[in-house]
Amino acid sequence: MSAPAAGAAFLAPLLAAVRPAEAQAQQRFDVPYVPTRQLVVDEMLRLAAVDGNDFLIDLGSGDGRIVVTAARAFGIRGIGFDIDPQRVAEARVNARAAGVQQLAEFRQENIFTADFSKATVVTMYLLTAVNLRLRPKLLAELKPGTRVVSHDFHMDDWEPDRRLLVGKTLYLWIIPARVEGTWRVDVGDRRFDLALRQRFQKLEGSAAIASRTARLWEGRLDGERIGFTLTYVPGGDAASIEHDDAERAHRFEGRVEGDTIAGLVTVGIGKSRRQLPFTAVRG
Ligand SMILES: C[S@@+](CC[C@H](N)C(=O)[O-])C[C@H]1O[C@@H](n2cnc3c(N)ncnc32)[C@H](O)[C@@H]1O
């Protein structure tokens, strides 16, 4: 009777010393290890439209299967970050076994401090709460146009650009260019101010054209590609089918490059359809 009690008493200080360290180790793992099925790995890469020019980063890379598959199938370079040294070691062995150790790199790093800037494609199989904690870092550090694919877990009010069902749900987001603010737009000899409000890939706003206000509809970013429609606020003679360009919807489609946008504006339909170049600079 007394021996175990004495043993427990003897171990107690040791356990007290060990437990906080164990707890710390557990806390560093924001997500447990669960591998993605190979079929789902392939579909994640298909959804991201990976090609031979991409650089893939897997956040929480486990045994390395996503980075290794991308290297084998597309010949692209990639990095897998995982906090667990055992997983990193396994992933390196798997990369070597697949003959892609020159392309597929694995680093023991925390995804919340790792450098994502090289990525053109990011994959993850984490948890919604972890995705949401990562969201500001993804939006701040990834280049516009970078594709982010998540296995199973979404990002709350950042709606995906695409969703794919393959037994599991896969989500695709395209990092949008940052366009919030005021822009000075030139179309032919017309110049006007455009105010844009941005919520992820969605845009709202208005334009002050001469003395009238135009409202913005269907505003959307697809990476660096921007599209929106301007119409004057309805009013006037709704009965007339004869209307000039000013009364038609103006559809703007262009590309954002830093503080400039360039593209085409389309007015009218059928025989009256016309296109004009436009440019915009940050005001
Ligand atoms: C669900 S598994 C996904 C593994 C792999 N991406 C796949 O799809 O097969 C999540 C991985 O994230 C790792 N992980 C958890 N928290 C992490 C963190 N803060 N930084 C880096 N890796 C982490 C775990 O060790 C685990 O290997």
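Annotations for the structure displayed:
- 14 Å reach of a label modelled at Arg199, 7 Å along Cα-to-Cβ, counting backbone N of region 131-164: 156-160
- The sum of -39500 (n - 2.57) across all DSSP H runs of n ≥ 4, divided by the residue count of the chain, sets its helix-only mean residue ellipticity at 222 nm to -8500 deg cm²/dmol.
- For Tyr125, the accessible surface of its heavy atoms amounts to roughly 50 Å² (probe 1.4 Å, protein chains only, rounded to the nearest 10).
- Carbon plus sulfur fraction of accessible area for the chain, probe 1.4 Å, in percent: 54
- Full-extension gain in nm, Ala97 to Glu180, via 0.36 nm per residue minus C-alpha separation: 25.1 nm
- Charged-residue dipole, Cβ positions (Lys, Arg, Asp, Glu), region 38-174 about Cα centre, Debye nearest 20: 220
- A dipole drawn for the chain from +1 and -1 charges on Cβ atoms has a positive end, and of Ala195, Val67, His250 the residue lying farthest that way is Val67.
- Region 47-185: relative contact order in percent, alpha carbon pairs under 8 Å with at least 6 residues between: 21
- Relative to the longest principal axis of the Cα atoms of the chain, helix 85-97 runs at roughly 70 degrees.
- For the chain, the antiparallel share of DSSP beta bridges with both residues in that region comes to about 80%.
- The chain: relative contact order as a whole-number percent, Cα under 8 Å and 6+ apart: 11
- Directionally averaged shadow of the chain, computed from the convex hull of its alpha-carbon atoms, nm²: 23.1
- Remark: the chain carries 55 Å² of accessible area per residue (probe radius 1.4 Å; ligands, DNA and RNA excluded).
- Column: log10 I(q)/I(0), Debye, Cα scatterers of region 181-282, q = 0.10 Å⁻¹: -0.26
- For the chain, the longest principal axis of the alpha carbon atoms and the long axis of helix 2-28 meet at an angle near 20°.
- Nearest 10 degrees, 0 to 90: helix 65-74 Cα axis against the chain principal axis: 50
- Overall dimensions of region 38-174, expressed as equivalent-ellipsoid semi-axes from the Cα gyration tensor (√(5λ), whole Å, largest first), are 21, 16, 14.
- Region 67-86 residues near the modelled Lys143 label - backbone nitrogen below 17 Å, point 7 Å along Cα→Cβ: 76-79
The values are calculated or read from the model by the stated rules, or taken from the named source; none is laboratory data. Just so it is clear, the model here is predicted, and its values are computed rather than measured. So basically every Cβ, Gly included, is an ideal-geometry build from the backbone, and we count neighbours across all protein chains shown. Please note that ligands, DNA and RNA were not included when accessible areas were found on the heavy atoms of the full protein model with its side chains. Shrake-Rupley method; radii C 1.70, N 1.55, O 1.52, S 1.80 Å.
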